[in-house]
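Peer 1: Submitted below is the structure of interest, expressed as structure tokens.
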Amino acid sequence: MSLLEVAGLTTAFKTRRGEITAIEDVSFTLAERQILGIVGESGSGKSVTALTIMGLLPNPPARIASGEVRFDGTVLTRLSDARMQKIRGSGIAMVFQEPMTSLNPVFTIGEQLMETLRAHERLSPKAQRERAIEMLTRVGIPSAALRLGDYPHQLSGGQRQRVMIAIALACRPRLLIADEPTTALDVTVQAQILDLLLDLRDEFGMAIIIITHNMGVIAQTADRVLVMYAGRIVEEARIGALFDRPLHPYTRGLLECVPSLEQDKARLAAIPGTLPDPASRPRGCRYAPRCALRIEACTAAIPALLGIQGEHAAACIRATPS
Amino acid sequence: MSALIEATALEKHFAFGEGRLLSRRSGRLRAVDGVSLRIAHGETLGLVGESGCGKSTLGRLLIRLIEPTAGAIFFEGEEITRRPTKALREKRRAMQIIFQDPYGALNPRMRVEDIIMEPLLIHGAKSDGPTRQKVSEMLNLVGLPRHARDRFPHEFSGGQRQRIGIARALVLRPKLVVCDEPVSALDVSVQAQIVNLLQDLQGELRLTYLFIAHDLSVVKHISNRVAVMYLGKIVEVAEKRELYAKPLHPYTQALIAAVPVAHPGNRASARAARARVSGDVPSALHPPAGCRFHTRCPYVMTICRAEEPKITEPRAGHEVACHLVGSS
């Protein structure tokens with residue numbers, strides 16, 4: 001059985017311009033201990049997917065228009081707020097992009113770590129402190145016992161993100177969702193944080209969803225990948241297959257348009273055009289206006305995400321097995 | 001090749017106060033601390049480094065958007081360091097900048113035509129037919145439709161706004177353009193369009209670029225030579241293939257090793273290569289003594305903690321400031 005099953009999930013937002021669907025018909029499963037990468041650009045719906053799973057979107061303006069999220073056999077999308085609160089932290093935890101704004105500036109990091117522990121487990125104050133020190137040490141904060149009394153502003157960006165990871169993992173969740181966890185960090189620190197996440201997966205045996213716009217971060221971490229574009233999954237594959245045989249023209253474009261250290265290109269293969277405005281998305285395939293392989297049929301209907309080769313699926317009528 | 005712009009021993013200090021109200025101390029942040037560099041006509045010099053290393057400050061110093069604390073700047077052989085603003089005007093036409101954030105860099109209440117025309121008016125043009133014609137030519141050159149003239153910045157996507165910023169910088173036909181993280185705020189699929197545009201414009205208008213970025217792959221793609229900055233100092237400069245294939249400074253090696261792999265097959269080897277550099281960049285307010293990288297360097301020696309390494313040139317055109325290179 002899968003740890004997480006997302007089926008036909010559609011999340012809509014009320015706006016002044018009417019209701020807009022941020023994600024549409026998103027379906028995927030995630031096995032225990034697996035790392036799933038979700039890659040996409042702005043407006044792709046990758047963060048809304050995560051926030052819907054976590055039940056963190058306020059209603060209104062957001063509402064789940066259809067579909068469900070099943071975690072470890074429980075349908076989360078029908079849970080009361082109180083029961084969902086119990087799952088957040090001990091079942092599923094989340095790390096956000098901006099560690100400065102995710103930490104409370106007026107509490108020490110020790111207080112924030114122990115607050116999370118208290119919310120989910122009965123521990124003596126001494127045991128809380130010990131567990132907090134243990135977690136900070138594990139995520140690579142030197143002399144953790146001394147740092148418990150530090151406020152967030154006293155830490156560097158990389159250390160703050162380590163603290164966020166320690167808080168997220170304090171109650172040993174079975175799934176960690178990391179939304180652009182390294183985007184705000186410097187390159188050398190980004191590499192350290194990604195390595196840390198991989199080590200923690202091995203040690204705690206949790207599953208991870210890593211959300212990013214960076215194909216390099218995906219290449220570095222994921223076992224499986226979902227590629228999202230304008231609110232829909234356009235390709236799903238195991239990591240090797242995605243990089244070796246990308247099926248969707250958008251995925252191919254994403255892989256080709258970035259320069260690489262390993263290979264010199266005289267000119268980058270740019271994807272023409274811009275990302276569609278969520279309020280006025282094109283008819284049919286949403287990538288069609290930018291796609292070099294576009295034919296008339298592409299604009300007639302939204303292509304379904306279909307298995308092309310085994311587990312490798314693409315939402316493209318031009319995609320064929322290689 | 002002769003240098004279009006050259007800087008020697010350039011420094012920029014900012015005064016700061018820290019500590020609690022009563023025990024407040026003041027100090028000097030040396031954002032740029034003794035930097036010398038030259039950029040040849042038609043060349044692209046890439047400038048990389050992590051946040052707070054002083055790369056943006058250096059870019060602004062070179063074109064005198066901010067005043068240096070010490071050092072000298074020569075543009076086309078003439079010293080411009082302390083030239084009064086009025087006398088600098090002619091030179092200013094020739095030195096322009098493109099900013100990172102295309103949302104914050106454009107006045108939201110001005111029409112695109114006025115935004116692009118403004119530099120021309122400042123430099124004495126009249127708002128007449130020929131000037132408007134220049135604006136239309138610029139729009140065409142950066143790939144924006146004619147009707148963009150009458151719109152406001154918020155009506156455009158990030159990539160298109162960056163095209164407006166580029167048009168504004170180039171309308172005076174500058175020689176040197178400082179590109180300060182010009183693509184890092186853009187979506188991945190749009191970045192390549194802007195990189196290609198900058199390369200095309202360089203060929204057409206014979207521009208010289210200082211290309212500032214934290215993304216080593218983009219810098220490698222667009223530059224001829226690359227300079228690496230760490231805590232206010234340039235630690236290594238070389239022709240790009242040389243720098244990426246044979247980096248001499250341990251910090252350059254760490255930066256290159258930290259770039260995410262392009263293919264999942266290289267994961268394990270990439271990780272083994274970067275295992276040795278740890279920790280974050282130290283605060284620029286209190287940089288380490290000696291070599292500033294010594295707190296994170298896997299090869300640190302006693303001399304590194306005491307003495308600041310001088311720039312040496314172990315191979316022609318390849319400069320580095322590291323005690324390891326001097327002693328080998």
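Peer 1: Tell me, B:Thr85, A:Thr251, A:Thr10 in order of fewest to most beta-carbon neighbours within 10 Å? Each step should come with its number before you reach the end.
Peer 2: Details: B:Thr85 8, A:Thr251 25, A:Thr10 18.
Ranking B:Thr85, A:Thr251, A:Thr10 by Cβ neighbours within 10 Å, fewest first, gives B:Thr85, A:Thr10, A:Thr251.
Peer 1: Same structure again: If you take the charge dipole of chain B about its Cα centre, with +1 on Lys and Arg Cβ and -1 on Asp and Glu Cβ, which of B:Leu197, B:Thr131, B:Pro314 is farthest toward its positive end?
Peer 2: Most positive-ward Cα: B:Thr131.
Peer 1: Round to the nearest 10 and give me the degree value, 0 to 90, for the angle of helix A:125-138's Cα axis relative to the longest principal axis of chain A.
Peer 2: Approximately 50 degrees, to the nearest ten.
Peer 1: Could you list, bin by bin from short to long, the percent of Cα-Cα pairs of chain A in 10 Å steps?
Peer 2: Pair shares across the bins are 6, 25, 32, 24, 11, 3, 0.
Peer 1: Applying the Karplus parametrisation 6.51 cos²θ - 1.76 cosθ + 1.60 with θ = phi - 60° to the phi angles of region B:84-97, what ³J(HN,Hα) value in whole Hz is obtained for each residue in order, glycine and proline being reported as x?
Peer 2: My calculation for region B:84-97 gives x, 3, 4, 6, 7, 3, 4, 5, 4, 3, 7, 10, 10, 9 Hz in order.
Peer 1: Aspartates and glutamates within cross-link reach of B:Lys126: Cα-Cα under 20 Å, excluding same-chain residues under 8 positions apart?
Peer 2: By straight Cα distance, B:Lys126 reaches B:Glu90, B:Glu113, B:Asp114, B:Glu118, B:Glu137, B:Asp150.
Peer 1: Please list 3J(HN,Hα) in residue order for region B:237-245, calculated via the Karplus relation 6.51 cos²θ - 1.76 cosθ + 1.60 where θ = phi - 60°; whole Hz, with x for glycine and proline.
Peer 2: 9, 6, 4, 4, 5, 4, 5, 6, 7
Peer 1: Give me the log10 of I(q) over I(0) for the protein assembly as shown at q = 0.07, 0.11, 0.12 Å⁻¹, as the Debye formula computes it from C-alpha points; what are the numbers?
Peer 2: -0.50, -1.24, -1.42
Peer 1: Continuing with the same structure: Averaged over A:214-224, how many beta carbons belonging to a partner chain fall within 10 Å of each residue's beta carbon? Provide the component values of the computation, followed by the final result.
Peer 2: Numbers: counts 3, 5, 8, 2, 3, 9, 9, 3, 1, 1, 0.
So the per-residue partner count for this stretch is 4.
Peer 1: Okay, moving on. Can you put B:Ser56, B:Ser278, B:Ser269 in order of Cβ neighbours within 10 angstrom, beginning with the fewest?
Peer 2: Fewest to most other Cβ atoms nearby, the residues stand as B:Ser269, B:Ser278, B:Ser56.
Peer 1: Putting +1 on Lys and Arg Cβ atoms and -1 on Asp and Glu Cβ atoms, find which of A:Ile53, A:Leu76, A:Thr188 reaches farthest to the positive end of the dipole of region A:4-229.
Peer 2: A:Leu76
Peer 1: Which residue, B:Thr302, B:Thr208, B:Thr69, tops the fluctuation ranking in a GNM of chain B built on C-alpha contacts under 10 Å?
Peer 2: B:Thr302
Peer 1: Follow-up. Quantify how strongly other chains surround peptide A:183-193 by giving the mean number of their Cβ atoms within 10 Å of each of its Cβ atoms.
Peer 2: Across A:183-193, the average partner-chain Cβ count within 10 Å equals 6.
Peer 1: Quick check: from the Cα gyration tensor, does region B:181-237 come out rounded (a/c under 1.5), prolate or oblate?
Peer 2: Working: a/c = 2.53, a/b = 1.38, b/c = 1.83.
Oblate shape, in that a/c is at least 1.5 and b/c is the bigger or equal ratio.
Peer 1: Can you list residues whose amide H is under 5 Å from A:Ala31's amide H, if they're 5+ apart or on another chain and H is modeled 1.01 Å from N?
Peer 2: A:Leu3
Peer 1: Tell me whether region A:120-223 comes out rounded, prolate or oblate; compute the Cα gyration tensor, take square roots of the eigenvalues as a ≥ b ≥ c, and use a/c under 1.5 as the rounded threshold.
Peer 2: On the way: a/c = 2.36, a/b = 1.42, b/c = 1.66.
Note, shape of region A:120-223 comes out oblate.
Peer 1: Helix B:112-122: angle to the longest alpha-carbon principal axis of chain B, degrees 0 to 90, nearest 10?
Peer 2: Approximately 80 degrees, to the nearest 10.
Peer 1: May I pose another question? Given charges of +1 on the Cβ of Lys and Arg and -1 on the Cβ of Asp and Glu, with all other atoms neutral, how large is the dipole of chain A about its Cα centre, in debye to the nearest 20? List each step's numbers first, then the result.
Peer 2: On the way: 36 positive and 33 negative charges, 142 e Å.
Charge dipole of chain A: 680 debye, to the nearest 20.
Peer 1: Moving on. In whole Hz, with x marking every Gly and Pro, tabulate ³J(HN,Hα) for region A:257-272 from phi via Karplus 6.51 cos²θ - 1.76 cosθ + 1.60, θ = phi - 60°.
Peer 2: For region A:257-272, the Karplus-derived couplings read 7, 9, x, 10, 6, 7, 9, 8, 10, 5, 9, 7, 7, 6, 7, x Hz, x marking Gly and Pro.
Peer 1: In debye to the nearest 20, how big a dipole does region B:176-312 give about its Cα centre with +1 on each Lys and Arg Cβ and -1 on each Asp and Glu Cβ?
Peer 2: So the dipole magnitude of region B:176-312 works out to roughly 620 debye.
Peer 1: A further question on this structure: Which links in B:Lys91/B:Lys175; B:Lys220/B:Lys246; B:Lys220/B:Lys310; A:Lys265/B:Lys220 stretch past 19 Å when you go from one Cα to the other?
Peer 2: Pairs exceeding the cut-off: B:Lys220/B:Lys310.
Peer 1: Per residue of chain A, what 222 nm ellipticity follows from adding -39500 (n - 2.57) for every DSSP H run with n ≥ 4, rounded to the nearest 500?
Peer 2: -9500 deg cm²/dmol
Peer 1: Taking the alpha-carbon centroid of each part, what is the distance from region A:176-191 to region A:303-322 in angstrom?
Peer 2: 31
Peer 1: Ok, one more. Of B:Gly159, B:Gly17, B:Gly77, which has the largest mean-square fluctuation in a 10 Å C-alpha GNM of chain B?
Peer 2: Of B:Gly159, B:Gly17, B:Gly77, the Gaussian network model singles out B:Gly17 as fluctuating most.
Peer 1: Something else: Exposure proxy check: B:Ser189, A:Ser42 ranked by fewest other beta carbons within 10 Å?
Peer 2: Working: B:Ser189 23, A:Ser42 15.
Lowest to highest Cβ neighbour count: A:Ser42, B:Ser189.
Peer 1: Once you have all Cα-Cα distances for region A:180-322, histogram them in 5 Å bins from zero and send the whole-percent values.
Peer 2: All Cα pairs considered, the percentages come to 2, 9, 16, 19, 19, 16, 10, 6, 2, 0, 0.
Peer 1: Each label point is 7 Å from the Cα along the Cα-to-Cβ direction; what then is the distance between the points at A:Leu123 and B:Asn140, in nm?
Peer 2: 6.9
Peer 1: Place a +1 charge on the Cβ of each Lys and Arg in the protein assembly as shown and a -1 charge on the Cβ of each Asp and Glu, then give the dipole magnitude about the Cα centre in debye, rounded to the nearest 20.
Peer 2: Computed charge dipole of the protein assembly as shown: roughly 980 debye.
Peer 1: I've got another one for you. By the scheme Lys and Arg +1, Asp and Glu -1, what is the net charge of all other residues having a beta-carbon under 12 Å from that of B:Ile194? Working shown, then result.
Peer 2: Details: positive: B:Arg161, B:Arg163; negative: B:Glu181, B:Asp187, B:Asp200.
Local net charge: -1.
Peer 1: With the crude spin-label approximation of a point 7 Å out along Cα→Cβ, what separation in nm comes out for B:Leu285 versus A:Glu130?
Peer 2: 3.7
Peer 1: Moving on to the next point. Which angle between 0 and 90 degrees, to the nearest 10, do you get for helix B:188-205 versus the longest principal axis of chain B when only C-alpha atoms count?
Peer 2: So the helix axis and the longest Cα principal axis differ by about 70 degrees.
Peer 1: Cut-off 10 angstrom, C-alpha nodes, Gaussian network model of chain B. Which of B:Arg30, B:Arg292, B:Arg305 fluctuates the most?
Peer 2: For chain B, modelled as a Gaussian network with Cα springs under 10 Å, the answer is B:Arg305.
Peer 1: Something else now. Is chain B best put as rounded, prolate or oblate by its Cα gyration tensor, with a ≥ b ≥ c the root eigenvalues, rounded for a/c under 1.5, and otherwise prolate when a/b is larger than b/c, oblate when not?
Peer 2: Prolate, since a/c reaches 1.5 and a/b exceeds b/c.
Laboratory data are not the source of any read-out in this text; all were calculated from the coordinates shown. As the structure is a computational prediction, the values presented were derived from the model and not from experiment. Ideal geometry is used to build each Cβ from the backbone, glycine not excepted, and the neighbour counts take in all protein chains shown.
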